[in-house]
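Novice: There's a structure below that I have some questions on.
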Amino acid sequence: MADTVDEQERSVRLRALADPGPRTGATELMLEVPSDPARLAPMRRAVVAWARALDLDEEMIADLQLAVGEAAANSVEHAYPLSADGRVEITLRLRRRRGHRLVDVRVCDHGHWRRPPADPGYRGRGLEMIRAVAHDVAISPGSAGTEVTFHLPADRAS
């Protein structure tokens, strides 16, 4: 299933793999975003639309949007030289574990890892924010790019 999200004559290709549940629609969302900061806003809206279609809690959706947005922004800003055309791949998957729903997230680029500075100054808080809202955050830099994975609980404790 292919779709686009348009914003000011720009579009982000979306590919949602349908695994329909009784009321939820696709439980997996795959996005491929050009390494252009202007493409991050429509990507974030696509994540929110997907999560709302799955009837996820609004607080969880805000955390998901923050964490995915920060991971993707890091790839866009740091993985590629300004003149390079790069891509950021984002995969979200809703799954069940021990009776609870989780959203697994994978953000991957094909650029080059740049070690964070010892003193990032007023910037450089993206990974800290991801770790504050997500679980099992893993960053895997390599010669073929960097992969960031984490998950968030989709069901809030009552």
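Novice: Considering only residues that are in contact (Cβ under 8 Å) with a residue 60 or more places away in the chain and basic (Lys, Arg), look in region 82-106 and name the one that is surrounded by the most Cβ atoms within 10 Å (Cβ to Cβ).
Specialist: Arg93
Novice: Would you call Ala79 open to solvent by less than 10 Å² (accessible area, probe 1.4 Å), touching a Gly at 6+ places or on another chain (Cβ under 6 Å) and of a type in the set (A, V, I, L, M)? Don't jump to the end; show me each part of the working.
Specialist: On the way: open to solvent by less than 10 Å² (accessible area, probe 1.4 Å): yes; touching a Gly at 6+ places or on another chain (Cβ under 6 Å): yes; of a type in the set (A, V, I, L, M): yes.
Here the answer is yes, as Ala79 does meet what is asked.
Novice: Another question about this same structure. List every residue pair whose Cβ atoms lie under 6 Å apart, where the two residues are 6 or more positions apart in sequence or sit on different chains, the first residue falls within region 57-73 and is of a type in the set (S, T, N, Q), and the second residue, located anywhere, is open to solvent by 10 Å² or more (accessible area, probe 1.4 Å).
Specialist: Listed by first residue and then by second, the contacts come to Gln65/Arg44; Gln65/Val48.
Novice: Would you confirm whether any residue within region 44-51 is surrounded by 15 or more Cβ atoms within 10 Å (Cβ to Cβ), over 17 Å from Leu31 (Cβ atoms) and either over 11 Å from the mean Cα position of the chain (by Cα) or at pLDDT 90 or above (or both)?
Specialist: no
The values are calculated or read from the model by the stated rules, or taken from the named source; none is laboratory data. Please read these numbers as outputs of a predicted model, since none were measured by experiment. With ideal geometry, Cβ positions are generated from the backbone for all residues, glycine too; neighbour counts draw on all protein chains shown. For accessibility, only protein heavy atoms count, side chains too; no ligands or nucleic acids. Shrake-Rupley method; radii C 1.70, N 1.55, O 1.52, S 1.80 Å.
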